[in-house]
Amino acid sequence: GGLQMLDPKTQKYHTWNTQNSQIPGDYLTSVGWTKKGWLIAGTSNYYSLVNPVSKKLINQIIPDSPDITVNTNTTNYVIEDSRGIIWQGSSSGLTVYDPKTKFITMLDMTNGLYGSTINSIIEDKKHNIWAVTDHGVTNIVPIKQDDGTWQFNIRSYNSRDGLQKAVYNQRSTFLTRDGKVLIGGQGG
């Protein structure tokens, strides 16, 4: 049905869908907040930003890069981290895009993830990124280089490290107030 926002004062909804806006599709895969207070929503064509005050909607794409091929524009999960970096998860892996420097790269099984289908992404209190695939959890520590590019320390965990043996659920992560990362799966 698209994206809906309830105004608690008027008890009325504002809806963005393919019938009344430029949103790429009525099925959204994830929602979150940017540093500037805009809503970021994963869509069938990368992601959209929505200003909750003005109700302005801006569709965003991950630009083409000569260094990598973004294999899919359909987003499973998307966040903007505290640095302003966009982390777009798809069935092909995790695309990392820094809009300030135009740096872009793809992280997938060749970089150490346990599987390439990204189910969810979350930033912890130390500003590290956690990417969850069907069968594993990856901790990513971004390190900015002097030339504006990023390097990543990547460590993946699975059932051999004490995690559940079952498949992890899509969009099932949460950061607790005390800094714990909770991840849901078929095993709990």
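The values are calculated or read from the model by the stated rules, or taken from the named source; none is laboratory data. What you are looking at is a predicted structure, and each value in this text was computed from that prediction instead of being measured. Glycine gets a Cβ as well: all are built from the backbone with ideal geometry, and neighbour counts include every protein chain shown. Side chains are part of the model used for accessible areas, which takes the heavy atoms of the whole protein and leaves out ligands, DNA and RNA. Shrake-Rupley method; radii C 1.70, N 1.55, O 1.52, S 1.80 Å.
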Close Lys-Lys pairs in the chain, where close means Cα under 22 Å and separation is 8 or more or interchain: 28
Starting from the 7 Å offset along Cα-to-Cβ, what nm value, one decimal, do you get for the label separation of SER65 and THR101? 1.1 nm
Just round it to a whole percent: the fraction of Cα-Cα distances in the range 4-120 exceeding 24 Å. 28 percent
Mean accessible area per residue over the chain (1.4 angstrom probe, all protein chains present, square angstrom) is 54 Å²
Mind listing the Cα extents of the range 61-163 along all three principal axes, in Å, largest one first? 38, 29, 21
Note: TYR157 to ASN169 extended length (0.36 nm per residue) minus current alpha-carbon separation gives 2.8 nm
